[in-house]
Each structure stands twice: as C-alpha cells, then as structure tokens.
C-alpha cells in the first residue's frame, strides 16, 4: 500500500519539476502556419485484442515543447479459449470502451525539432470498461449434464508516467510509440458465476472454469465459492499497470 501511495507524490513532484524545467522555453510557435494538430489511430488494441477495437486520438500542440492528447474508442476482450472439456455455447453482451488523456513534455535539448517530433515524457490517466456474458456446457463426460453461466463487468482506472517517441515524416505522417508507462491501477468488478450440475465432480469442473477465468480477467483469483460467485458494488483492488501503444497519425 505504501508503494501505491508513493506514486501520486512522484507524479506531483514530476509535474512541478517540469514547470520549472520548461519555464524558459520559447512560448510561441514560429508562425500561424505551424501544424498544431494530429489525428491518430491507436492500432494496439486492434492488433492485440479484437478487430472491433477502434480507438482514435487527438493531440494538440500548446507550445514548441508541450502538448496534450485525448483518446477514446471501443474496447472489448479477445476471443476466449476454453478447455477441451467445455463448450462455449454463446457469448453475449460483449462490449466496452476506453478513454484516456496525457500531458506531454518534449525534450528541448534532446530533440532537433519542435513538438510533436521527438522524444517526450508525460503524465497520463486512462479508464477501461468492459463487460461479457458466457454460457458454458460441460463435454466429454456421459455422467454429467449441465451448464454454467458467467456474467462480468470490469472497470480499470490507471494513472502514471509515460515515455515515448514520435516520428514526423514529410511534415504530415506521424508514428507515435509509447514504450514505457508504469501506472497505479484501481479495479472494480461485478462478477457472477452460477449453474447446476448433478455430479460428484461438480467441484472439479467449477475449479476448471475458475482457472480459465483467472487467466482472462484481472483480480478474479481473489474470489472463491462453490456453485455461485457474486461480487458487486464497491469491490475494489489496487495494483500496478503498464502502458504501451503504437499510433499512426495525420498532422495538420
């Protein structure tokens, strides 16, 4: 807990230090024709999780070495792989969204050009919401007839510090890479797992379902029960996250 509480202090110190560091920078951009805006497509969730995940970003240049960006889009979990002993009959209500924002400081002495080109660090925050329902049937056992139903909603709030590099090609095309982004995370879950199986092996199958869910959903391993799991309301846990993304943009 002490480590978690230390991160906001570090964020505040970093932000105040940055104000002093950039207080002597050039405050005006060269001319009225300077391209201050960048529209980007964050392809990371599209490639890693689901082809339905479309996330867009807008970056606004505030001064020669500072900017801010906002991001939003659709977000859902990837396709789930179950064990051979189970059949995933249906996935319902699978959807979600994410929003985030950051404030960036481009390194004045390191970069040859002004923002949005070059190495930068920043302070960011992000919020993810996703929900899913699964109907599961037991297979490969003639003595067992039954099914399980899982319903879950997840919220994750992150805050942290990022380090990245943005390439500007031909004054228009941008490639934005965030490769370091440690964060403190706050999880909220609303989960339910229930069903009826007439067998002495019920606990074994329920444990197998539990193990699958642990591999998919953060924090699920903290839950326990036999036949019925229900966690809702103010069920929070703290942890650490890590931000990384790749964006392709158009500057104008």
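Each value in this text was obtained by applying a stated rule to the coordinates, not by laboratory testing. Predicted, not measured: the structure shown is a model, and the values here were computed from it. Glycine gets a Cβ as well: all are built from the backbone with ideal geometry, and neighbour counts include every protein chain shown.
Starting from the Cα-Cα distance between residue 246 and residue 74, subtract it from 0.36 nm times their residue separation and give me the gain in nm to one decimal.
60.3 nm
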Would you mind checking segment 160-196 for residues with the amide N under 19 Å from a putative spin-label position 7 Å along Cα→C-beta of residue 103? 160-164, 181-184
Linear extension gain, residue 51 paired with residue 135, 0.36 nm per residue minus alpha-carbon span: 28.0 nm
I'd like to compare 49-58, 64-73: which one has the highest average count of other Cβ atoms within 10 Å, and what's the full order after that? 64-73, 49-58
